[in-house]
Amino acid sequence: MRIDDVPPRTRIQISTRRDAATERTYSGGVVEVHQALLADNRVDEATAIVKRLVFENEKLARDLANLRQRLRKKGEGISAAQLQLLLAQLEATQSAGGLQASETEVDAAVLTACEQDAQREDQTRPPAPPTPVGKPTRREPPEKLERRDNPLLVPEDERRCTKCGCAMNFIEFEPHEVIDFQPAQVFVRVDLREKRGCSGCRETVVRAPLGDKVIAGGAYGSALVTEFIVKKFRDGLSLHRIREEMQRLGIDIPSSTISDQVLWATELLQPIHDELVRTVVNANLMQLDGTHLSVMHQEKGNARQKFLGTLTGAIGDGVAAIYVYASSGHKSGVRDDDIGLEDLLRMRKEGLVLADASNHYDASFRRPGLVEVGCNMHARRGFAKALEAGNQRAAVAIRAFKQLYDIEESLASLSVDERTAGRRTRSALIYDELVVWCRRVAPVEPPASLIAIAARYVLNHEVALRRFLEDGSIPIDNGAVERMHRRPAIVRKNMLFAGSHDGARRAAVMFSILATGELLGVNPALYLADVLPRLARGISIKNDLPDLMPARWLERHPDARVPVLNAIHTLAEFRER
């Protein structure tokens, strides 16, 4: 049987032949041809049409799911249902002879390893709690919120009994808690400095210290300047939008004045940034990744020029996060104050470095002492691109990575040693099969194909990618730093560019302190409002600075703890559990 034309078109043509005398051609609509074949008792040919229709229907369903996913979001996530559909489609292709037996066998080995671990996890997983019956209960407001009484009195015309006409007596207030909001207020703080003089000699006079301000002779308090900083570098508001908010609150502060206050505050915070850099550089594990920042800079005597600078983000042992700025995309800085990727690694003498496989790191990793750790999110990303391009076989690798991440989620609440043991017994088997699969796929696929490129990535960086299997303190990927870039990306989108290289360096200082706060769960408004005045009064780097670092400060101010944002998941959370 030969099918010359197949769905999705509505007409087909089939030539059948049992012998020279019985050759016949059927053409027309799918239903008509199918009925004619059944009428002539050609069941096999009619069945072949149905199988072909099923095959085409599954292909269209997969394509439609891919299209819907592209329109819905830009991420790389693949739902379990969609992945199951892709694997079923791949299995159908294999049964139809689309792949060689050896290729089918190695695919099955990866999928079997994943299924065995999934079964083991199902067997050891505790039973799910019973589903509550009835309507969900309303969450009670947190105890730490202030309670304000709001008496609601019975109207005057309802205070007499409708039966006898007597006045009704007060019984009690029936409380109902409602979470409400009061807009922020800008007020004038009148600092009344006490002044005392000696009653004996009448020559000695003392005054109380000045109130909290960022600048000694300034007109704005530290809490207001903190609001400027948080809105600009955390919420991503431009200066003119901050000015509009202040106008709605009853005061007009020029954008240039807001900019000056932020500049002075950033200069005060420089020692904290320097200490954060030292903490990250000396950490056992440093996670590293870069993003860009546009800068409109004007050199003296020259026209204003646009530069594409680099913000290098890093996390050290899950307790400190930093950004450093370089005025170009080169791995080393081109200006005296630049700190590029390689410059930051040059500060680090030894330890683990978790990063992607960029060639910017090659020279640094050739140095003794630095140990490269691979990012499995980058390894998976190559197969996601291959699958998006239509290569169904990439679903096998994605299924393996999905199972690896499921294992990580199940081990997250355990200690480092328990997590190491779990990875060795559960994840290692899947990774072994995945590497074998990549070795079989890379030579047979076209060298320029996306799946071959992804397989070669795994093979070329296998040692670095597998390091997380031997140490439970190493994350499976570098997602913490990449998610940390969301905050600079929001600010970058709103402000478009920094006004100078110095402005970009100041932005790196603020991004560092706010990112560390998000990492540890520190309320940035309370932290900055307390730290800035102390820095303005002058501190001793050796004696006072340690107590001003975010982690130490949070220990002394537990009420300033806020939930860690979902944008960042790090080792600190694992160790606390």
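Sorting 189-198, 312-321, 481-490 by average packing, meaning the other beta carbons within 10 Å per residue, from highest down gives 312-321, 481-490, 189-198. Helix 428-444 against the longest principal axis of the chain: what's the angle in degrees, Cα atoms only, rounded to the nearest 10? Around 60 degrees separate the two axes. Simple spin-label estimate for SER199 and ARG561 gives 5.0 nm between the two label positions (7 Å along the Cα-to-Cβ direction from each Cα). Restricting the calculation to alpha carbons of segment 195-261 gives Rg and Dmax of 18.1, 58 angstrom. Legend: translational diffusion of the chain by Stokes-Einstein, Rh = Kirkwood radius over C-alpha pairs, 25 °C, 0.890 mPa s; D = 83 µm²/s. For segment 310-315, putting each phi into the Karplus relation 6.51 cos²θ - 1.76 cosθ + 1.60 with θ = phi - 60° gives couplings of 10, 9, 9, x, 8, 10 Hz, in residue order, rounded to whole numbers and with x for Gly and Pro. What is the sum of charges, Lys and Arg at +1 and Asp and Glu at -1, for the other residues whose Cβ falls under 13 Å from the Cβ of GLU267? Here the count lands on -1. Counting only alpha carbon atoms, the long axis of helix 486-495 and the longest principal axis of the chain meet at about 70°.
Going from the residue with the fewest nearby Cβ atoms within 10 Å to the one with the most, GLU140, GLU470 rank GLU140, GLU470.
Helix 255-268 versus the longest principal axis of the chain: what angle, 0 to 90°, nearest 10, using Cα atoms? Here the helix axis deviates by roughly 90 degrees. Each label was represented as a point 7 Å from its Cα along the Cα-to-Cβ direction; for GLU58 and GLU245 these points are 5.4 nm apart.
Taking H placed 1.01 Å from N in the peptide plane, check which residues at least 5 places from GLY333 or on another chain put their amide H under 5 Å from its amide H. Result for GLY333 returns GLY340, ASP343.
Our note on the geometry: Cα centres of segment 368-419 and segment 142-189, 56 Å apart. Dividing the helix sum by the residues of the chain, where each DSSP H run of 4 or more adds -39500 (n - 2.57), gives a mean residue ellipticity at 222 nm of -15000 deg cm²/dmol. Under the criterion of Cα pairs below 8 Å and six or more residues apart, the relative contact order for the chain equals 15 percent.
We did not get these values from a lab; they are worked out from the coordinates using the rules stated. Values in this document were obtained by computation on a predicted structure and should not be read as measured data. Backbone-built Cβ (ideal geometry, glycine too); neighbour counts: all protein chains shown.
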